[in-house]
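Take a look at the structure set out below.
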Amino acid sequence: MGGPEMAPHTPHAPRPGGAVALRERVMSSQPGEGVAPSIVRDAAVLTPPWGGSMLPGTRDPMEPKVAPIDATLGAVVTNLDLARMDALTWKTVEQAFHDHAVLVFPGQDLSAEAQVAFANRFGEIELLAPDPEQKAVPISNQKPDGSVMEPDEHRFKSLRGNEGWHTDSSYMPLAAKASVLSAQVVPSADGETEWADMRAAYAALDEATRQRIAGLSAHHSLYHSQAKIGHVVQTGGGYGFHTKGAPLRPLVKVHSVTGRPALYIGRHAYGIPGLDEAESEKLLSDLIDFACRPPRTYAHRWQPGDVVIWDNRCVLHRARPYDYREVRVMRHTRVAGDPATELAPTHRDDRAGAYEPSSSNR
Ligand code: OGA
Ligand code: MN
């Protein structure tokens with residue numbers, strides 16, 4: 001099993017209060033000795049922000065703990081309250097997000113407002129519901145009357161679609177930066193969410209494959225991915241079933257913060273220009289098969305109250321099946337991509353009712 005891949009660490013922002021002075025003393029007393037950021041931080045917590053001093057060896061009680069998962073991606077983050085993070089804790093979380101791409105926060109029990117506020121730290125919220133005030137949406141097989149959806153229902157087929165490896169909103173002109181998911185009601189067994197590391201997948205490709213895909217791009221369409229599982233949806237049938245066209249996105253995406261290349265694929269991808277349909281389909285499914293296996297995957301068995309954030313720019317994810325007679329309620333908040341790096345040109349999508357190019361997701 002490969003260990004966690006750590007991106008180069010950058011120093012944490014100064015904690016307000018007395019810690020700063022001590023940090024500066026530590027750094028300036030050892031010029032040129034290359035003090036590791038973690039050592040600096042350990043020294044910094046000796047002087048808590050509220051003044052006074054802590055005994056050497058004691059820790060700030062809210063020092064978050066980031067425990068890498070035994071896979072190339074993912075970390076479990078504990079000893080923090082996502083609803084009340086100070087600036088230094090936020091910096092630790094943001095750095096961990098870039099290092100690990102998937103962060104699991106057990107037992108946070110966030111309100112919808114707190115979940116939206118947490119997502120909002122990463123960027124603007126991508127609006128998924130017609131009501132612009134609704135910034136968190138349920139991902140659930142439960143209907144308003146409390147009963148569970150039947151297999152032939154439109155929205156149930158959308159849920160089943162989530163069981164294919166994908167990245168969120170790659171079928172929109174502006175693909176997503178990140179997604180936050182929290183568990184509200186979980187089935188008695190199964191129903192995990194699983195992630196796969198497309199940075200590590202790219203790094204593991206043989207040279208011939210890397211060269212083959214270097215200049216290639218694929219179209220992305222939710223009409224396409226749902227049709228493949230027998231769910232043919234008309235324009236206007238829900239978020240993603242639009243007339244803006246199918247975005248064309250390179251198969252290799254360089255991360256705008258870490259600079260790491262990653263495969264950018266998933267079930268919404270189809271129609272690689274320059275390849276015939278069968279070749280395109282085979283290449284894309286071979287890449288998914290290769291990419292989405294250990295040690296590059298992590299499946300999370302949910303407890304109510306757990307929160308996970310992932311980086312849609314460099315990981316794929318999927319829901320795992322469960323007994324659909326049981327209720328599963330998740331709450332989803334999506335962070336919009338940066339137009340500088342997640343906006344793509346679109347082309348006519350033959351499955352859509354019309355083609356009205358737009359660079360806006362709304
Ligand atoms: C999502 C998603 C998977 C799940 O929220 O974007 O794909 O396990 N969810 O519900
Ligand atoms: Mn998804």
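The values are calculated or read from the model by the stated rules, or taken from the named source; none is laboratory data. Bear in mind the structure is a predicted one, so any value in this text is a computation, not a measurement. Please note: Cβ atoms are built from the backbone with ideal geometry, for glycine as well, and neighbour counts cover all protein chains shown.
Sort out which residues of the stretch 56-89 are closer than 30 Å to residue 292 by Cα and either modelled with pLDDT under 95 or outside any loop (DSSP other than H, G, I, E, B) (or both), and write them in order of number. Listed by number, the residues that qualify are 65, 66, 67, 68, 75, 76, 77, 78.
Take residue 309 and tell me if it is under 21 Å from residue 72 (Cβ atoms), within 14 Å of the chain's Cα centre (by Cα) and outside any loop (DSSP other than H, G, I, E, B).
Working: under 21 Å from residue 72 (Cβ atoms): yes; within 14 Å of the chain's Cα centre (by Cα): yes; outside any loop (DSSP other than H, G, I, E, B): yes.
Taking the combined requirement at face value, the residue satisfies it.
Scan the stretch 213-227 residue by residue and report those that are more than 24 Å from the chain's Cα centre (by Cα) and either of a type in the set (Val, Ile, Thr) or surrounded by 14 or more Cβ atoms within 10 Å (Cβ to Cβ) (or both). The one that is more than 24 Å from the chain's Cα centre (by Cα) and either of a type in the set (Val, Ile, Thr) or surrounded by 14 or more Cβ atoms within 10 Å (Cβ to Cβ) (or both): 227.
Does residue 289 satisfy the criteria of being under 18 Å from residue 249 (Cβ atoms) and not β-branched (Val, Ile, Thr)? Talk me through it step by step, then tell me what you get.
On the way: under 18 Å from residue 249 (Cβ atoms): no; not β-branched (Val, Ile, Thr): yes.
No; evaluated as a whole, the condition is false for this residue.
Pairing residues of the stretch 267-282 that are outside any loop (DSSP other than H, G, I, E, B) with residues that are aliphatic (A, V, I, L, M), at Cβ distances under 6 Å and at least 6 apart in sequence or on separate chains, gives 269/218; 269/284; 280/272. Only a single criterion out of (1) buried (at least 20 other Cβ atoms within 10 Å of the Cβ); (2) touching a strand residue (DSSP E or B) at 6+ places or on another chain (Cβ under 7 Å) is not satisfied by residue 299, namely (1).
Test residue 238 against the criterion of being farther than 23 Å from residue 298 by Cβ and within 16 Å of ligand 2 (Cβ to nearest atom), and give yes or no. If you could, list the steps in order and put the result at the bottom.
Working: farther than 23 Å from residue 298 by Cβ: yes; within 16 Å of ligand 2 (Cβ to nearest atom): yes.
Here the answer is yes, as residue 238 does meet what is asked.
Before we move on, is residue 200 in contact with a Lys or Arg (Cβ under 6 Å, 6 or more places away or on another chain), among the small types (Gly, Ala, Ser) and either within 22 Å of residue 310 (Cβ to Cβ) or in a strand (DSSP E or B) (or both)? Considered against the rule, which asks whether it is in contact with a Lys or Arg (Cβ under 6 Å, 6 or more places away or on another chain), among the small types (Gly, Ala, Ser) and either within 22 Å of residue 310 (Cβ to Cβ) or in a strand (DSSP E or B) (or both), residue 200 comes out as yes.
Restricting the search to the stretch 180-190, which residues are out of contact with any Pro (no Cβ under 7 Å at 6 or more places or on another chain) and either crowded, with 23+ Cβ neighbours inside 10 Å or closer than 26 Å to residue 337 by Cα (or both)?
Let us first name the residues in the stretch 180-190 that are out of contact with any Pro (no Cβ under 7 Å at 6 or more places or on another chain), namely 180-182, 187-189.
Hits for the stretch 180-190 are 180, 181, 182.
One residue alone among 352, 336, 344 is surrounded by 16 or more Cβ atoms within 10 Å (Cβ to Cβ), aliphatic (A, V, I, L, M) and in contact with a Pro (Cβ under 9 Å, 6 or more places away or on another chain), and that residue is 344. A Cβ distance below 8 Å, combined with a sequence gap of six or more or placement on separate chains, defines the contacts here; from the stretch 158-172, residues that are free of Cβ contacts under 8 Å to residues at least 60 places away in the same chain and in a helix (DSSP H, G or I) reach no residue that is near ligand 1 (Cβ under 9 Å from one of its atoms) and of a type in the set (A, V, I, L, M, F, W, C). What's the total number of residues in the stretch 312-359 that are away from ligand 1 (no atom under 16 Å from the Cβ), within 17 Å of residue 179 (Cβ to Cβ) and among the β-branched types (Val, Ile, Thr)? Total satisfying the criteria: 1.
Of all the listed residues (242, 231, 255), the sole one being crowded, with 19+ Cβ neighbours inside 10 Å and touching a residue at least 24 places away in the same chain (Cβ under 8 Å) is 242.
Confirm whether residue 327 is part of a strand (DSSP E or B) and either over 15 Å from residue 198 (Cβ atoms) or polar (S, T, N, Q) (or both).
Numbers: part of a strand (DSSP E or B): no; either over 15 Å from residue 198 (Cβ atoms) or polar (S, T, N, Q) (or both): yes.
Here the answer is no, as residue 327 does not meet what is asked.
For the stretch 207-250, the set of residues classified as aliphatic (A, V, I, L, M), out of contact with any Phe, Trp or Tyr (no Cβ under 6 Å at 6 or more places or on another chain) and part of a loop (DSSP other than H, G, I, E, B) consists of 214, 216, 229, 232, listed by residue number.
Hey, does the stretch 95-104 have a residue that's buried (at least 16 other Cβ atoms within 10 Å of the Cβ), in contact with a Pro (Cβ under 9 Å, 6 or more places away or on another chain) and not small (Gly, Ala, Ser)? Taking every residue of the stretch 95-104 in turn, at least one turns out to be buried (at least 16 other Cβ atoms within 10 Å of the Cβ), in contact with a Pro (Cβ under 9 Å, 6 or more places away or on another chain) and not small (Gly, Ala, Ser). Screening residue 288 on (1) more than 16 Å from ligand 1 (Cβ to nearest atom); (2) touching a residue at least 60 places away in the same chain (Cβ under 8 Å); (3) in a helix (DSSP H, G or I) shows it passes everything except condition (1).
Residue-wise test of (1) small (Gly, Ala, Ser); (2) modelled with pLDDT of 95 or more; (3) within 10 Å of ligand 1 (Cβ to nearest atom); (4) loosely packed, with under 14 Cβ neighbours inside 10 Å.
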| residue | (1), (2), (3), (4) |
| --- | --- |
| 132 | no, yes, no, yes |
| 135 | no, yes, no, no |
| 172 | no, yes, no, no |
| 178 | yes, yes, no, no |
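In a residue-by-residue description of the stretch 349-361, the property of being aliphatic (A, V, I, L, M) and farther than 12 Å from residue 196 by Cα applies to at least one position.
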